[in-house]
Amino acid sequence: MPITTCIFDAYGTLFDVAAAARNAASEPGREVFARHWPAIAEKWRLKQLQYTWLRAVMGQHTGFWQVTQDGLDWALEAEGLQGDSDLRARLLQLYWELEAYAEVPAMLAALKAAGMKTAILSNGSPDMLQGAVDSAGIGGVLDDVLSVESVGIFKPARGVYDLVGQRFGSAPDEVLFVSSNGWDASAAAGYGFTTAWVNRAGDPVDRLPATPRHQLRDLTGIPDLVRG
């Protein structure tokens, strides 16, 4: 069946999760942090994801804001910066104002012009996601923002992917699901979605039961996928 619905992961896919640390590092008085920010950004994201998986397995769900704070605290301690409360507060503030990747507004506008339904499906909590959407100014080219909070478990639980059909009435093979997380794209492929993995880092494909159909270096080619 032709694609009618384009669903996007949020963090790392539409929004640059390294932007908070990168922008903080450029501020006056952050010279020490500037030497650590790439490692902190990487460790922060890794722990944030790990904590979602572990909480899902343990059946101990919490909001994405909590795992975001927990991941940052681990990263700061790993780099010896756990005592800087001002830095911690600033990084968390900036996380609510993440930048969208440069190609995102035009890509989403092209999908809407082609008659596609568009939405976010994310581990993020509704208020965090709304803050990011508003900061990036892309609310006008999204039909909805779907959060795992409505089912109380993080991706890649199948119940999360069910939200797409419940909201749009789309069969799985009518959905193009786009994620920068290889595990997310693979899980969505196993669910039945057509999937595109935005592999900005050039990483190997995850060894999982299903694999993404498409692999791209950024989001500019997404409108071509739904046309072709």
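When the P(r) is computed for the range 36-152, the part past 26 Å accounts for 30% of the Cα-Cα pairs.
Peptides 10-23, 72-85, 94-107 ranked from most to least packed, by the mean per-residue count of other Cβ atoms within 10 Å: 10-23, 94-107, 72-85.
Measuring nothing but how far apart in sequence close Cα pairs (under 8 Å, 6+ apart) lie, relative to its length, the range 93-211 scores a relative contact order of 18 percent. What is the sum of charges around I153, taking Lys and Arg as +1, Asp and Glu as -1, for the other residues whose C-beta is under 15 Å from the C-beta of I153? Neighbourhood net charge equals 0. Rg and Dmax of the chain, based on Cα coordinates, read 17.4, 55 Å.
For the range 1-88, the percent of C-alpha pairs falling in each 5 Å distance bin, counted from 0 to the bin holding the largest distance, reads 3, 13, 21, 21, 16, 11, 7, 4, 2, 2, 1, 0.
Working from the Cα coordinates of the range 138-207, the gyration tensor eigenvalues give, after taking √(5λ), semi-axes of 20, 15, 13 Å in decreasing order. From the Kirkwood radius over Cα pairs of the range 125-168, Stokes-Einstein at 4 °C and 1.567 mPa s returns a whole-number translational diffusion coefficient of 114 µm²/s. Dividing the alpha-carbon radius of gyration of the range 72-127 by the rule-of-thumb value 2.2 N^0.38 Å gives 1.69.
Taken together, the values in this text are just the output of simple stated rules run on the coordinates, not laboratory data. Because the structure is predicted, anything quoted here is derived from the model rather than measured. So basically every Cβ, Gly included, is an ideal-geometry build from the backbone, and we count neighbours across all protein chains shown.
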